[in-house]
Structure formats: structure tokens, C-alpha cells
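What follows draws every value from the coordinates through simple rules; no lab data is involved. Every value quoted in this text rests on a predicted model; they were computed, and no experiment measured them. So basically every Cβ, Gly included, is an ideal-geometry build from the backbone, and we count neighbours across all protein chains shown.
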Ligand code: CDP
């Protein structure tokens, strides 16, 4: 079973994907880490984020074990990831790795922006996770503060709006709901309620497939 979760920044898709995977005993890939790690490799090497050739080389050089989440989850890296993610050849360089992960025996849960539309268009279950920008900014500010990063709510909201705009308007694999995805709005749901709703979507889809 392949489960695809897509949605904007801090919508809750990462936490949901991890919990759905644990519930169903599936592997989980947070595909945002691939773009964050690509950006990080460029920054560490002193390269520009819009240097296409270097960005492609950085993406090709990634291994799924490269992820030091502490170094990748910060605010700056989310913004940097969205810059390299807009380069079509960077996305192409990361395609096979993601498709191979999705094809693991037994299945997988992947979360990102283009899983249901590009990476796994035939996924068994597609969930588009959303929430109001203000709610997402609140969650992200709390998460960053928990990691020891000093942030202003207004600046985080500004980042989120800018990133939504960049991710939705790029030409290659923009953030868009797949036609056959089910929308899950988590604005008024805590994580347990969101998880129940997501598991119900999975159950409904898979029951429909068996019927
Ligand atoms: O956790 P958050 O949603 O803030 O970010 P993320 O999922 O780690 O993604 C960081 C950035 O990577 C996004 O803003 C997108 O530009 C890009 N991304 C993408 O283009 N495609 C994906 N499948 C995953 C992330």
C-alpha cells in the first residue's frame, strides 16, 4: 500500500505521515528532507542556491542516510529548500530515489508537495493536508522555539505565505491537490484528532478497493 500526503508548510503532514506509517507498519519518507539536504549541501560548500549545475550535483550526491535532521529542520533551510526545489532538474535528480522508496515491498508512506501528482500518481491513498496560514504559522513558531530557535510569529507567518506562493506557482511539480486526493483540513484538529481522521480516510479508501 502506498500512501501519499501532500500539503503546504506546517500543515501537519509530516507528523501525520510518521504516525500513519507507524500504525500500518510501513516505511516513511519525508521528501522535504531531500530538498532541505540539497540546499544544505550547497550552503555548506559556499555555493549559490540558484546555481543549477551545482544544485543538480548536490541532489545527485544525496543518499537517504544523509539526513541530520537537527541541521535541516531550521527556518532558514525551509526557505532555501523551496528555492532549490523550484529547479526542474533538481526535482528530476530526486525522482528515482523517491519512486524506489515508494516501491518498497509492503508499501510506504511519503509526504511532500508532489507525491500524489508526480512521484506516485497511482498511490492507493492520497491525502491533501491543509490548515489556515495563521494556524500553520503558530505551529511552526512553537516547533522552532522548541528547537531553541528564536522566532517572531509575524516573521514565520510571512515565511509561510512566501513559501506557499513559491511552491504553488513554480512551473515544475507545483503544490497542487491531486484530483483524486481527499482534503484533510487540520485547522481545528489536534494531532490525535487529525490522525483519527487520516486513518479513517485510509480505511475508507482501502475498503473501497476491496469491495
Ligand atoms: O515542513 P515543511 O512543510 O515546512 O517543509 P518541507 O516539507 O521539509 O519542504 C521544504 C520545501 O521543500 C518546500 O517548501 C518545497 O519547496 C520543497 N518540497 C518540494 O518541492 N517537494 C516535496 N515533495 C517536498 C518538499
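Just a few scattered comments:
- Rg(Cα)/(2.2 N^0.38 Å) for segment 14-74, N = residue count: 1.30
- Relative contact order [Cα under 8 Å, 6+ residues apart], segment 1-82, whole percent: 31 percent
- Nearest-0.05 FRET efficiency for residue 1 and residue 154, computed from C-beta distance (R0 30 Å): 0.15
- Among 173, 141, 132, the residue with the largest mean-square fluctuation in a Gaussian network model of the chain, with springs joining Cα atoms closer than 10 Å, is 132.
- For 171, 196, 82, the sequence from fewest to most other C-beta atoms within 10 Å is 171, 196, 82.
- The alpha carbons of segment 110-173 stretch over 41, 24, 19 Å along the principal axes, in descending order.
- Euclidean distance of C-alpha centroids, segment 3-26 and segment 184-199, integer Å: 11 Å
- With q set to 0.19 Å⁻¹, the log10 of I(q)/I(0) for segment 126-211, from the Debye formula over equal scatterers at the Cα positions, is -0.99.
- Burial ordering of 139, 48, fewest other beta-carbon atoms within 10 Å first: 48, 139
- Square roots of five times the Cα gyration tensor eigenvalues for the chain, Å: 26, 21, 15
- Mean residue ellipticity (222 nm) of the chain, computed from DSSP H runs ≥ 4 via -39,500 (n - 2.57), nearest 500: -17000 deg cm²/dmol
- Most simply put, the chain has about 0% antiparallel DSSP beta bridges, counting only bridges with both residues inside it.
- Highest to lowest packing among 10-16, 121-127, scored as the average C-beta count within 10 Å: 10-16, 121-127
- For the chain, modelled as a GNM whose springs connect Cα atoms under 10 angstrom apart, the maximal fluctuation among 144, 34, 94 occurs at 144.
- Fluctuation leader among 161, 18, 104 - the chain, Gaussian network, Cα springs under 10 angstrom: 104
- Whole-Å distance, taken between Cα centres, linking segment 44-70 and segment 96-137: 22 Å
- The value of relative contact order for the chain, using C-alpha pairs under 8 Å at least six residues apart, is 33 percent.
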